[in-house]
1. Checking B:Arg334 against (1) more than 21 Å from B:Gly204 (Cβ to Cβ); (2) without any contact (Cβ under 8 Å) to a residue 12 or more places away in the chain, only one condition comes out false. Which one?
2. Quick one: how many residues across the stretch A:133-177 are assigned to a loop (DSSP other than H, G, I, E, B) and of a type outside the set (S, T, N, Q)?
3. Since B:Thr114 meets every condition but one in (1) under 26 Å from the mean Cα position of the chain (by Cα); (2) at pLDDT below 95; (3) of a type in the set (S, T, N, Q), which condition does it not meet?
4. When you scan the stretch B:262-296, how many residues do you find that are over 18 Å from B:Asp236 (Cβ atoms) and among the basic types (Lys, Arg)?
5. Determine, yes or no, whether B:Ala250 is small (Gly, Ala, Ser), at pLDDT 95 or above and touching a Cys at 6+ places or on another chain (Cβ under 6 Å).
6. For the structure I just gave you, tell me whether A:Leu52 is at pLDDT 95 or above and more than 27 Å from A:Gly173 (Cα to Cα).
7. Considering (1) within 14 Å of chain A (Cβ to nearest Cβ); (2) under 27 Å from B:Ala361 (Cα atoms); (3) open to solvent by less than 10 Å² (accessible area, probe 1.4 Å), say which one B:Cys16 fails and leave the rest.
8. Is it the case, given these coordinates, that A:Thr106 is out of contact with any Gly (no Cβ under 8 Å at 6 or more places or on another chain) and more than 10 Å from every other protein chain (Cβ to nearest Cβ)?
Protein chains: 2
Amino acid sequence: MAPPVRSVLPVVLLGCGGVGRHLLRHIVSCRPLHANQGVAIRVVGVADSSSLLVADLHSNGLDDALLTDLCAAKSAGSPLSSLLSRVSGQCQIFNNPEARTKVIDTASVLGKTTGLVLVDCSATYDTVGMLKDAVDCGCCVVLANKKPLTCTYEDFEKLVSNFRRIRFESTVGAGLPVIASVSRILSSGDPISRIVGSLSGTLGYVMSELEDGKRFSEVVKAAKSLGYTEPDPRDDLSGMDVARKALILARLLGQQISMEDINVESLYPRELGPDAMSTKDFLESGLVQLDKSIEERVKAASLKGNVLRYVCKIEGKGCQVGLQELPKNSALGRLRGSDNVVEIYSRCYESAPLVIQGAGAGNDTTAAGVLADIVDLQDLFHKTD
Amino acid sequence: MAPPVRSVLPVVLLGCGGVGRHLLRHIVSCRPLHANQGVAIRVVGVADSSSLLVADLHSNGLDDALLTDLCAAKSAGSPLSSLLSRVSGQCQIFNNPEARTKVIDTASVLGKTTGLVLVDCSATYDTVGMLKDAVDCGCCVVLANKKPLTCTYEDFEKLVSNFRRIRFESTVGAGLPVIASVSRILSSGDPISRIVGSLSGTLGYVMSELEDGKRFSEVVKAAKSLGYTEPDPRDDLSGMDVARKALILARLLGQQISMEDINVESLYPRELGPDAMSTKDFLESGLVQLDKSIEERVKAASLKGNVLRYVCKIEGKGCQVGLQELPKNSALGRLRGSDNVVEIYSRCYESAPLVIQGAGAGNDTTAAGVLADIVDLQDLFHKTD
């Protein structure tokens, strides 16, 4: 027999592409598990980039059959608005710009009554305003989307102003417990002196393959055909995605910095960039021009017993993102394949770091991290009736 | 300017030896940090094995000057009762058996009013009764002491019956975020299929040194002189401490088992045990008798490209503790020195595990883990006035 429900968490989800869709599936399939833990997640609304499907606020939220259909529709590439025929008395669909207003209205009503968790699984800067409004209404926020935490420092500060009401584990290393561990260490008064991480599965794979003497251009093409890279591999090679994760970690450690303060090393020069040539040209003739210089750097590192890794390094007041020579026998040096690795140095982990390693990408893993974040907020949603 | 205090956590500490003393020091030194987070920890009582020093329940707890003196006294080997001269109107000292009754009284009063966190940093089975009573009174429990979680399954079940009100990170791998990570994964509905861990810094060191062709007896003696082992190294070599940690992890995964269900491989036979010979005799003549068989096992593993590790393996319905041959290039196989390593396999971490590695012992690190656990309970202690 399941115990009584102790916490009911009303959720509005922004973004129901890959991660958001997996999250909804996890929520539905975890109902018996969460019931056993005394937790109930009530999906009150789901938004894509153009519409919002929202349940009657006095109902128990969107039912699981509708959520399952919604996942199927999004999986088939249809917009949320295609579910219009399914909408009955229990819910309504709003299109932009009404959809955004309705999200804030919902946050405002629920923030003051039952509470609300606004979950951002989109990949856009557009949600920042809604998230800040939700914070003002006393709502909790859970993010898989890195962008709201990487725009202005003021926005970051606002979002984390009540640190117990925000979770963003899946913005760094997908479901890997990096943010949770850093937060634990910080709250125990153990000062973190340095974080070094390989936070791109793509670049981790590429750099470790180079050790075997393969050419850079070959390895990048192999990574692309394995599905490890973005459609244009320069989106990975620019290091900008790593820089966003690094910025989140640096800000978590108290650095009041922004993207422009981070020294980011791109693995291709401007002449081979998206403004200068197409993806096709880059793959066919641009990439090979990078082989020689990378090969030289790999060899130079090897002569010193080191390997080359594309890492972020957060230390003191600074944050760097780029290639680093690291000892072969360190956690980062031993890295093979597409795993993420984070090394955390503190008073307690001074001579040898705390190391967290594992898959740092994938919709399933990212969504699992988001769900763990939501459930972790349960003590703020105690049922009172 | 510090934000208003949102959570006041009253704490009673059982055990003020190494870990407990470090915890009190951390609590005092973290006051400004916690004030910034809106958290205040109020130490209401501290007990050693014979006495309890308890503050007036209407006061703000034992003051920091008294706590600092208490740490100094315990550090110098004096009992709590030596502080009798320091006791004024704000607090009282009770000796056993009154001390135990007073702990329950305090739990009963605070459990129903402000709440209480009963923290067990002792290393005894004697606290189980008090902890269960505290749970009955609605108190929270934080444990560094493994023993209450490793006695009968009924006791374990009782202690974790309200899973949000108990934390026990420091029972496995000291401050390493093992329990927190396993709990996150479980609450996200990602089923854990296997945990393999090297959870003894001593045995981790010993096994990795053997790879270099050193003799077992030499390595154990070196570990002893480095302070890595217990005064009688057989306390490490028996594997019982690893088995207790393994049992906690197995129970966390839902296995309803007890110590006697775990297959524990001792690294010495009964003929060389504490009942048969003294520590001195074991070190002088017993230990060397083990060299040949261990050397053969190390060689046999090496021929297959493996190394020998002393691990716990929790899988399906079983839990084993002992020597295992593991691939040289796995996280466990690469382990050197006294770090702990835990590999977690689940749906999300299927082909490659989630790995957590770092120092898994030490009073400072263990106490930091306990403090992070206490702070993590803050949402249950919202200030209402």
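The values are calculated or read from the model by the stated rules, or taken from the named source; none is laboratory data. Nothing here was measured: the structure is a model prediction, and the numbers come from that model. No Cβ is skipped: glycine too gets one built from the backbone with ideal geometry, and neighbour counts run over all protein chains shown. To get the accessible areas, we keep the full protein, side chains included, count just its heavy atoms, and leave off ligands, DNA and RNA. Shrake-Rupley method; radii C 1.70, N 1.55, O 1.52, S 1.80 Å.
1. (1)
2. The qualifying residues number 14.
3. (1)
4. Selection size over the stretch B:262-296: 1.
5. In short, yes.
6. So A:Leu52 fits the description; yes.
7. (1)
8. Criteria not met by A:Thr106.
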